[in-house]
Amino acid sequence: MKQISESEMIVMKIIWGAGERITSNYVMDHLPEEVSWKMTTITTFLSRLAAKEMITIVDRMGRTNFYIPTLTEEEYSLHTTLNTMKGSSLTSIKNLIASLYETNDISKKNIAALKEWLQQDGYDSDHK
């Protein structure tokens with residue numbers, strides 16, 4: 001899976017947030033206020049996202065395409081995180097969390113919530 005640009009991510013967030021098939025007009029109507037793209041820009045991004053297999057066309061009515069995402073935002077986030085870890089010295093989850101903690105990108109509260117979640121899912125300190 002290819003990485004997507006920041007602009008493509010804006011479009012993907014709109015698509016993920018829709019919860020249903022969307023059109024280019026839907027994207028145009030749901031752009032953040034600070035983004036002022038023309039319709040040709042939106043259709044270009046939709047074409048790129050389709051080429052990257054992030055979205056697929058599920059229906060056509062005349063010249064209007066209807067799109068759905070091919071994966072969830074969580075699946076994309078996980079894939080991106082794993083690729084980042086593979087390309088860095090963060091080769092384990094432990095190293096990732098330690099690095100986030102050291103750079104103040106994760107709080108003690110987040111770590112406690114993670115620990116609680118692991119315990120709820122049946123993981124304990126003896127589980128490796």
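Laboratory data are not the source of any read-out in this text; all were calculated from the coordinates shown. Being a predicted model, the structure only gives us computed values, none of them experimental. Glycine also receives a Cβ, built like all others from the backbone with ideal geometry; neighbour counts cover every protein chain displayed.
Starting from the amide H of ASN65, placed 1.01 Å from N in the peptide plane, find each other amide H under 5 Å away whose residue is 5 or more places distant or on another chain.
SER24
Which of (1) 25, 18, 13; (2) 36, 16, 15; (3) 31, 22, 11 is the computed semi-axes √(5λ) of the Cα gyration tensor in Å for the structure on display?
Recomputing semi-axes √(5λ) of the Cα gyration tensor in Å here picks out (2).
Quick one: which residues, 5+ away or cross-chain, put their amide H under 5 Å from the amide H of ILE55? H built at 1.01 Å from N.
Distant-sequence amide H within range of ILE55: ALA50, THR70.
Pull up all non-local amide H partners of TRP37: gap of 5 or more, or a different chain, and H-to-H distance under 5 Å with H placed in the peptide plane.
Correct list: empty.
Given only helices, namely DSSP H runs of n ≥ 4 each adding -39500 (n - 2.57), what is the per-residue ellipticity at 222 nm of the chain, to the nearest 500 deg cm²/dmol? Provide the component values of the computation, followed by the final result.
Details: 6 runs with 69 residues, N = 128.
Rounded to the nearest 500, the figure is -16500 deg cm²/dmol.
Find out how many positive minus negative residues lie around MET54, taking Lys and Arg as positive, Asp and Glu as negative, among other residues whose Cβ is under 11 Å from that of MET54. Show your work: numbers first, answer last.
Values: positive: LYS2, ARG48, LYS52; negative: GLU8, GLU53, GLU73, GLU75.
Counting the neighbours of MET54, the net charge comes to -1.
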